[in-house]
Amino acid sequence: MAVYKKTYRPYQGDLTPRWRRLLVIPRYAFEDLHRSRFLNVFYLASFIYPLVAALIVYAVHNASVLKLFNAEGAERLISINLVFFQSLLGWQSMLALFLASFVGPGQISPDLANNALSLYLARPFSRAEYVASKMAVLLILLSLMTWVPGLLLFALEANLEGGSWMFDHWRIAAGLFLGSWAWILLLALLALALSAWVKWKPVAGGLMFGVFFVAAAFGAVINNIQDTNWGHLLNVSFLVGSLWQHLFEGGQPTTNGAVFFRVPSGEQLPLPACAAVLALLALACLYMLARKIRGADVVR
Amino acid sequence: MDAVIELDGLEVRFGTRVILDRLTASLTGRSIGLLGPNGAGKSTLLNTLLGFHRPSAGTVRVLGRDVRTAAREIRGLIGYMPENDAFIASMSGVRFVRMMAELAGLPKAQAMERAHEAFFYVGLGEVRYRTLGTYSLGMKQAAKLAQAIAHGPKLLLLDEPTNGLDPPARTRMIQLIQDIRARGDLQLVVSSHLLRDVEECCDQALILKEGRLAACCNLEEERKANRRFLELETRGGANGDFLAALERMGCQTAAGAQGRIKLVLPEDLEVRQLYEIAGREKVQIRRLSHKRDSLEDIFLKAMEAPGGRL
């Protein structure tokens, strides 16, 4: 019907399946994010490291390329090993923190600022689906920065090295995948929780960094004063680094962990303690979201 | 007629506070008014119909479905216009309504088409690409109505639809609601503390007072009854003869001072015949009015009734 016919008519067409409605919020969010030039540039820049890493992997396995640049023998200087992939994950994960701090605070606060949340939830769309949709925005963006390039690089290396290398180094793939998910889930939950509670976006973004850096500094002060390592429990990047170290190397680590997520030898904490603190942080974020994501406010 | 909303001992508590207290009613009207002073529990009742608040006792059924077990299905059939502002300031009006329609299950293309239609229907066609944050209060109210109807609901919940509107905007909103009601494609629940809004838009009213049901009345029947209830102002002739003639025709009459007469017309008597009788009895009818403000009478009685129930 032409829009100029100003009348109301009921809808009798087909409805979309439930799972497709979960994609509506991410689609609109990506349209909005795409309008930000800064974000586009930052996002594209975040792929520079994986691209350079891919070139290195390719060059190491192609002597003719090295010869072209008069760098024969350079392959002996570069090892495509655990540290190579840990560094990639560390860099990309730090960029993911910046991206989450930029994108995350704008996810829920605009819906709460003028009570639009009640309109979302007045539709056949639950609170859990709302949070899942908002999380999907961050998880998709952060996945493309972390485990997706990590696994692609791993596949490239396996392809160039041969099948046996892949089986010998399966822990790297598992570490890249599971370690990235642990990190991006935590980032997404934290960003959404802060977005739900802090309406002013720059403050919410600042608080994201506060959770990681201020708490870590506080933990370091505790370590120094008390001559202990337990202050690291306040250092989220240390906790995540411990988890990664276990995923990549098992119980006998040979490295100090990934860049930005260092776990110096001798300062390790028991893995269950680290996992428990991370789980507590995630639960606290879920609780914060549950308190704010409601169709109607309840004044007791 | 099937009940649109059935309340059976519905109780809603927030902590220890009882907000809705054992409401029992069966609402069948095409357009149902929820009336009550501020804080009576109207918005809480609407939120309970949407499944936002869980009943602490009793049951509530919307379009035959239990809110406890089928809240999602019910929300798929409902369009909701909340009392307060509800929009995303940075989004254009039509994009916001389109997104809401998509969340209600409409495919992309249909959502887009219906969002445009809804905006033209509520009179915002020319401003549909402006961001919602720049809309005036009246435009925001109309945009809320647009998002409530865009997906073609079966039941429309309107919470204080004329809140904060100036008289012309209020008239436009009431006309829209009356138009939607007249089309007969969906049923309406209009919550308001304004008697006029409910009287103009509804054919059944549920009056709440302090969370309790104060009265439930069929306004259509009241209006029909009122159409038979007349007040006359007469001059000249012998009023006694005129009254006797009216009573012979089956009218119930009561004479007042200065030629005022109240009467109830029987079903088979038309108003035109009153003038014929008056002509024969040499009486001038200077003013004839139907009884008005029946809802106001009911509302005031309900508010004054001990225990809050008529």
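Derivation of every value follows stated rules applied to the coordinates shown; laboratory data play no part. Note that the coordinates shown come from a computational prediction; the quantities given were computed from them, not determined experimentally. Methodologically, a virtual Cβ is constructed for each residue, glycine included, from the backbone with ideal geometry; neighbour enumeration extends over all protein chains shown.
Odds and ends about this structure:
- Rg [Å, one decimal], Dmax [Å, integer] - segment A:20-292, C-alpha atoms: 20.5, 66
- Computed over chain B with a Gaussian network model linking Cα atoms closer than 10 Å, the most mobile of B:Leu274, B:Leu34, B:Leu106 is B:Leu274.
- Cα-based Lys pair tally, chain B, threshold under 23 Å, eight or more apart or on separate chains: 17
- Sites B:Ser136 and A:Asp14, calculated FRET efficiency, Cβ-Cβ separation with R0 56 Å, nearest 0.05: 0.95
- Percentage relative contact order, chain B, counting C-alpha pairs under 8 Å, at least six apart: 19 percent
- Residues in segment B:250-276 reached by a label modelled at B:Glu231 [backbone nitrogen below 18 Å; 7 Å Cα→Cβ]: B:252-265
- Across chain B, the longest piece that holds none of the trypsin sites (Lys or Arg not before Pro) lying in DSSP loops with up to 13 other C-beta atoms within 10 Å covers B:1-281.
- Rounded to the nearest 10 degrees, the inclination of helix B:137-149 to the longest alpha-carbon principal axis of chain B is 80 degrees.
- Placed amide H near B:Leu208: partners under 5 Å, 5+ positions off or other chain: B:Leu35, B:Gly36, B:Ala214
- Treating each Cα of the protein assembly as shown as an identical point scatterer and summing with the Debye formula, the log10 of I(q)/I(0) at q = 0.09, 0.11, 0.12 Å⁻¹ comes to -0.85, -1.07, -1.17.
- Among B:Leu300, B:Leu156, B:Leu35, the largest mean-square fluctuation in a Gaussian network model of chain B, built with springs joining Cα atoms closer than 10 Å, belongs to B:Leu300.
- Counting only other chain Cβ atoms within 10 Å of each residue's Cβ, the peptide A:9-17 averages 6.
- Relative contact order for segment B:131-277, counting Cα pairs under 8 Å that sit 6 or more residues apart, in percent: 14 percent
- Reduced Cα scattering model of segment B:141-237, Debye log10 I(q)/I(0), q = 0.24 Å⁻¹: -1.35
- Choice from A:Leu95, A:Leu138, A:Leu51 showing the highest fluctuation, given a GNM over chain A with Cα pairs closer than 10 Å: A:Leu51
- In a DSSP loop and with at most 16 other Cβ atoms within 10 Å, the trypsin sites (Lys or Arg not before Pro) in segment A:1-91 are A:Lys5, A:Lys6, A:Arg35.
- Angle in degrees between helix A:236-249 and the longest Cα principal axis of chain A, rounded to the nearest 10: 60 degrees
- At most 16 other Cβ within 10 Å, DSSP loop - chymotrypsin sites (Phe, Trp or Tyr not before Pro), segment B:48-139: B:Tyr129
- Database remark: amide H of B:Arg22 closer than 5 angstrom to the amide H of B:Glu11, B:Val12 (H placed geometrically; neighbours at sequence offset of 5 or more, or on other chains; Pro and chain starts carry no H).
- Value of D in µm² per second that Stokes-Einstein yields for chain B, Kirkwood Rh from Cα pairs, at 25 °C (0.890 mPa s): 113 µm²/s
- Of all beta bridges that DSSP places with both ends in segment B:1-157, some 85 percent have antiparallel geometry.
- In this label model, B:Gln258 and A:Leu160 are separated by 10.6 nm, measuring between points 7 Å along each Cα→Cβ vector.
- Shielding by other protein chains, A:124-134, mean Cβ within 10 Å: 2
- Cβ-Cβ FRET estimate between A:Ala45 and A:Leu66, R0 fixed at 25 Å, reported to 0.05: 0.40
- Helix B:239-248 axis, angle to chain B major axis (alpha carbon atoms, nearest 10°): 70 degrees
- q = 0.15, 0.20, 0.22, 0.29 Å⁻¹: log10 I(q)/I(0) that the Debye formula gives for segment B:228-290, counting C-alpha atoms only: -0.35, -0.66, -0.81, -1.60
- Amide H within-cut-off set for A:Asn229, under 5 Å, with H built and near neighbours excluded: none
- 3J(HN,Hα) along segment B:24-30: 10, 6, 10, 9, 10, x, 5 Hz, from the Karplus curve 6.51 cos²θ - 1.76 cosθ + 1.60 with θ = phi - 60°, whole Hz, x for Gly and Pro.
- Helix-only CD estimate at 222 nm, as mean residue ellipticity for the protein assembly as shown, using -39500 (n - 2.57) per DSSP H run (n ≥ 4): -16500 deg cm²/dmol
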